[in-house]
Amino acid sequence: MFDPSRDEVRQFFTETWRKQRAGEILTPLESIAADWVTEHPEYQQELADPESKQADYSPDRGQTNPFLHLSMHLAISEQLSIDQPPGIRRAHEKLVARLGSTHDAQHAIMECLGQIIWDAQRTNTPPDTDAYLALIERRASRD
């Protein structure tokens, strides 16, 4: 399993965004990441600043960590591409239909993923993929 450090994740996103802006060839993973950065113009200036790789982001100060946010988009994109956990792709399609956009559907899934990760950290257990899928399906079924 690939387990990059905080610095490696930040380097990946800042270098990907630099390459995108320079019109350089991107790897398939970089291409997906660049698409998500494009969807988040509020992060683009920060990703272009080399100092952002050292920043600490505190929710207490109302700061969103762009690297964490984009990493979650990337993780969900990968989950959807391989339908893992099985059924996530179908639930995502329902969310897209209900919410009207892929981006909004990803943000809904992101909330579910965040809850499952928090639960796993709190209980010191592996993430519960069944509970994760159930949360997503519940979100997809809301009226």
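Net charge dipole, the range 83-143: roughly 120 debye, given to the nearest 20, about the Cα centre with Cβ charges of +1 for Lys and Arg and -1 for Asp and Glu. Neighbours of E78 by Cβ distance under 15 Å: Lys/Arg scored +1, Asp/Glu scored -1, total -3. For the range 107-133, the residues whose amide N sits under 17 Å from a probe point set 7 Å from the Cα of K94 along the beta carbon direction are 107-113, 129-133. Positive end of the dipole of the chain (Cβ unit charges, origin at the Cα centre): among G100, A75, A120, the Cα lying farthest that way belongs to G100. Contact order for the chain, expressed relative to its length and based on alpha carbon pairs under 8 Å spaced 6+ residues apart, stands at 18 percent. Taking the longest Cα principal axis of the chain as reference, the axis of helix 28-39 is set at about 90 degrees. Rounded to the nearest 20 debye, the dipole magnitude of the chain is 300 debye, with +1 charges on Lys and Arg beta carbons, -1 on Asp and Glu beta carbons, and the Cα centre as origin. Each other residue within a Cβ distance under 15 Å of H103 adds +1 if Lys or Arg and -1 if Asp or Glu, for a net charge of -4.
For the range 83-143, report the convex hull volume of the alpha-carbon atoms normalised per residue, in Å³, without decimals. Intermediate results must be reported in sequence, preceding the final value.
Values: hull volume 4.1 nm³, N = 61.
Per-residue hull volume (Cα only) is 67 Å³.
The calculated 222 nm mean residue ellipticity attributable to helices in the chain amounts to -23000 deg cm²/dmol, summing -39500 (n - 2.57) over DSSP H runs of n ≥ 4 and dividing by all residues.
Can you compute the equivalent ellipsoid semi-axes for the range 1-62, i.e. the square root of 5 times each eigenvalue of the Cα gyration tensor, sorted largest first and rounded to whole Å?
Numbers: eigenvalues 80, 46, 24 Å².
Three semi-axes, in Å: 20, 15, 11.
Convex hull volume of the C-alpha atoms in the chain, normalised per residue: 136 Å³.
Which net charge results for the neighbourhood of D128, defined as the other residues with beta-carbon distances under 13 angstrom from its beta-carbon, given Lys and Arg at +1 and Asp and Glu at -1?
Values: positive: R122; negative: D119, D130.
Residues close to D128 contribute a combined charge of -1.
Each value in this text was obtained by applying a stated rule to the coordinates, not by laboratory testing. In this text, all values refer to a predicted model and were calculated from it rather than measured experimentally. Note: ideal-geometry Cβ built from the backbone for every residue, glycine included; neighbour counts use all protein chains shown.
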